[in-house]
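Heads up, the thing below is written out as structure tokens.
The values are calculated or read from the model by the stated rules, or taken from the named source; none is laboratory data. The structure displayed is predicted, hence computed values, not measured ones. Counting neighbours? That spans all protein chains shown, and the Cβs are built from the backbone with ideal geometry, glycine included. Surface areas here come from the heavy atoms of the whole protein model, side chains and all, with no ligands, DNA or RNA. Shrake-Rupley method; radii C 1.70, N 1.55, O 1.52, S 1.80 Å.
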Amino acid sequence: MPLTFTRARPENIAAVQQVYRTIIDHLGATIDYPRWHQVGHPGPELIASWIIAGELYVVRDGVDNNRIVGAVVLNHDAADGYGRADWAIDAPP
């Protein structure tokens, strides 16, 4: 399956919300380590802020009409727990 990784655009907000909903539903049915059990997370305002900041990227399935199948926010913000994790590589933040 050919995938493409591109910066998200404002017209992707609903598709990104659906990707997160799918992940949250799966985590709720299995093990929710990141505790993403919030209804409506992330909201359209938060997704829009990631897009405006240039931090949100989407993964598209090139076979299925370029459907968005993944999303990731790339920035230097991290939940507190990441700082306490026992990482295999010691690297500065």
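Can you give the accessible area per residue of the chain, in Å², using a 1.4 Å probe?
75
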Quiz item: On a 0 to 90 degree scale, rounded to 10, what angle separates helix 13-29 from the longest Cα axis of the chain?
Solution: 50
Quiz item: Carbon and sulfur together cover what percent of the accessible area of the chain at a 1.4 Å probe radius?
Solution: 57
Quiz item: How much FRET efficiency would the formula 1/(1 + (r/R0)^6) give for ASN65 and THR6, where r is the Cβ-Cβ distance and R0 is 22 Å, rounded to 0.05?
Solution: 0.90
Quiz item: Given H placed 1.01 Å from N in the peptide plane, which residues other than close sequence neighbours of ALA71 have an amide H under 5 Å from its amide H?
Solution: VAL59
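Sorted by mean Cβ packing within 10 Å, highest first, what order do the peptides 78-86, 7-15 take?
7-15, 78-86
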Practice problem: Give the long-range amide H neighbours of ALA8: residues separated by 5 or more places, or on another chain, with amide H under 5 Å away, using H modelled in the peptide plane at 1.01 Å from N. | Solution: LEU56, TYR57, VAL58
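For every helix of n ≥ 4 consecutive DSSP H residues, a contribution of -39,500 (n - 2.57) applies; sum these over the chain, divide by its total residues, and give [θ] at 222 nm rounded to the nearest 500 deg cm²/dmol. Each step should come with its number before you reach the end.
Working: 3 runs with 31 residues, N = 93.
After summing the helix terms and dividing by residue count, I get -10000 deg cm²/dmol.
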